[in-house]
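Remarks on the structure that follows.
The values are calculated or read from the model by the stated rules, or taken from the named source; none is laboratory data. The structure displayed is predicted, hence computed values, not measured ones. Every residue, glycine as well, gets a Cβ built from its backbone with ideal geometry; the counts of neighbours run over all protein chains shown. What goes into the accessible areas is simple: the full protein's heavy atoms, side chains included, and nothing from ligands, DNA or RNA. Shrake-Rupley method; radii C 1.70, N 1.55, O 1.52, S 1.80 Å.
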Amino acid sequence: MDVELNRDAKRIVSDWLADLNAALEARAPDRVGALFRPDADWRDIVALTRTIETVSDRAEVARRLVDTAAASGASGFAIDPERYPPRDVERAGEPCVEAILTFQTAIGTGAGIVRLKRSDCRAGAAQAWTLLTSLESLRGHEEETIIEKAEVPAFERDFHGPNWLDRRREASRYADRDPAVLIVGGGHAGITAAARLKALGVEALVVDRMARIGDNWRKRYHG
Ligand SMILES: Cc1cc2nc3c(=O)[nH]c(=O)nc-3n(C[C@H](O)[C@H](O)[C@H](O)COP(=O)(O)OP(=O)(O)OC[C@H]3O[C@@H](n4cnc5c(N)ncnc54)[C@H](O)[C@@H]3O)c2cc1C
């Protein structure tokens, strides 16, 4: 039974994605809209909109998806073969078909999740309830894997040379070049973005109006 349900989930999602790709390529909001429930929500994290945006309502989802897919080059929405396959799940008390997606944009690879209510999955008329799209990686800045890092020769300690802090200070001076990214504000969001960019090999500088990391909290509470 589970195998049959999974096969059915895969077919439903594959058909829905084929229609989505064709409708986006044709830049046809009415065709995109027909693939969503009237109360659908779409959230994008930087992949198509370059910001964090939640769009509600079928007509608005269709309009924004068509516009931003054209601007960002988002295409090739497919079931991610390296992630958990499409399956039947229950979300917010609703039986759903859920699938993890992959897609391309002009600057990188995206990941996504689509959920379709089981009750909306009649033959040839499946409509999505929610869609999430997010930018996963930047082309030309592929993430170093732990295996690749292990191949880097071990750090040789030189007690007379610069230490870790000296190197950090020198790197953050940006004396001979500019960072690719300037992050204004070193709170949770700023530091997380800097760490992620470092993992992708993109140079970023965090600046904050406060002197030390954590001062925004240190100065709020006596603790
Ligand atoms: C009273 C209170 C209690 C909270 N309690 C909790 C809790 O218990 N647990 C929890 O998980 N979350 C808590 N939160 C929420 C959590 O603190 C925030 O969600 C989180 O700090 C947001 O991170 P952020 O990086 O977006 O913004 P912030 O942490 O506010 O970081 C923004 C940074 O930008 C800097 N900045 C702002 N403007 C400029 C500028 N013009 N130039 C340069 N730098 C600038 C600021 O100095 C700051 O360092 C609380 C929030 C508040 C207000």
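Look through segment 180-195, keep the residues that are under 20 Å from ARG139 (Cβ atoms) and touching an Asp or Glu at 6+ places or on another chain (Cβ under 9 Å), and return whichever of them is farthest from the ligand (Cβ to nearest atom).
Step by step, filter segment 180-195, then rank; the result is ALA180.
Among THR130, THR105, which is under 30 Å from ARG50 (Cα atoms), at pLDDT 90 or above and touching an Asp or Glu at 6+ places or on another chain (Cβ under 6 Å)?
THR130
Out of ASP176, ASP166, ASP158, report the one residue that is surrounded by fewer than 11 Cβ atoms within 10 Å (Cβ to Cβ), more than 16 Å from the ligand (Cβ to nearest atom) and outside any loop (DSSP other than H, G, I, E, B).
On the way: ASP176 fails: outside any loop (DSSP other than H, G, I, E, B); ASP158 fails: outside any loop (DSSP other than H, G, I, E, B).
Being surrounded by fewer than 11 Cβ atoms within 10 Å (Cβ to Cβ), more than 16 Å from the ligand (Cβ to nearest atom) and outside any loop (DSSP other than H, G, I, E, B) holds for just one of ASP176, ASP166, ASP158, which is ASP166.
Can you tell me which residue in segment 179-202 is least open to solvent (accessible area, probe 1.4 Å), limited to those that are assigned to a helix (DSSP H, G or I) and among the β-branched types (Val, Ile, Thr)? Can you show your working first?
Going through segment 179-202, the residues assigned to a helix (DSSP H, G or I) turn out to be 188-199.
Restricting the remaining residues to those that are among the β-branched types (Val, Ile, Thr) gives 191-192.
Values: ILE191: 69, THR192: 91 Å².
The qualifying residue least open to solvent (accessible area, probe 1.4 Å) is ILE191.
Being surrounded by fewer than 16 Cβ atoms within 10 Å (Cβ to Cβ) and in a loop (DSSP other than H, G, I, E, B) narrows it down to one of ARG27, ARG7, ARG11, so name that one. It would help to see each step written out before you state the result.
Numbers: ARG7 fails: in a loop (DSSP other than H, G, I, E, B); ARG11 fails: in a loop (DSSP other than H, G, I, E, B).
Just one listed residue meets the conditions, ARG27.
Can you name the residue in segment 108-127 that is in a loop (DSSP other than H, G, I, E, B) and under 16 Å from ARG7 (Cα atoms) and is also modelled with the highest pLDDT among such residues?
Residues of segment 108-127 that are in a loop (DSSP other than H, G, I, E, B), as a first pass: 121-127.
With the extra rule that they be under 16 Å from ARG7 (Cα atoms), the set shrinks to 121-124, 126.
Numbers: CYS121: 88, ARG122: 77, ALA123: 69, GLY124: 68, ALA126: 92.
Checked segment 108-127; the qualifying residue modelled with the highest pLDDT is ALA126.
Within segment 69-82, identify whether any single residue is more than 15 Å from SER134 (Cα to Cα), in contact (Cβ under 8 Å) with a residue 24 or more places away in the chain and assigned by TED's automatic domain parsing to the domain that holds SER134, and answer yes or no.
yes
Restricting segment 203-222 to residues that are open to solvent by less than 70 Å² (accessible area, probe 1.4 Å) and more than 8 Å from the ligand (Cβ to nearest atom), which is nearest to the chain's Cα centre (by Cα)?
So, considering only residues that are open to solvent by less than 70 Å² (accessible area, probe 1.4 Å) and more than 8 Å from the ligand (Cβ to nearest atom), the one nearest to the chain's Cα centre (by Cα) is ALA204.
In segment 45-90, which residues are in a strand (DSSP E or B), surrounded by 13 or more Cβ atoms within 10 Å (Cβ to Cβ) and not β-branched (Val, Ile, Thr)?
GLU53, SER75, GLY76, PHE77, ALA78, ARG87, ASP88 - these are the residues of segment 45-90 that are in a strand (DSSP E or B), surrounded by 13 or more Cβ atoms within 10 Å (Cβ to Cβ) and not β-branched (Val, Ile, Thr).
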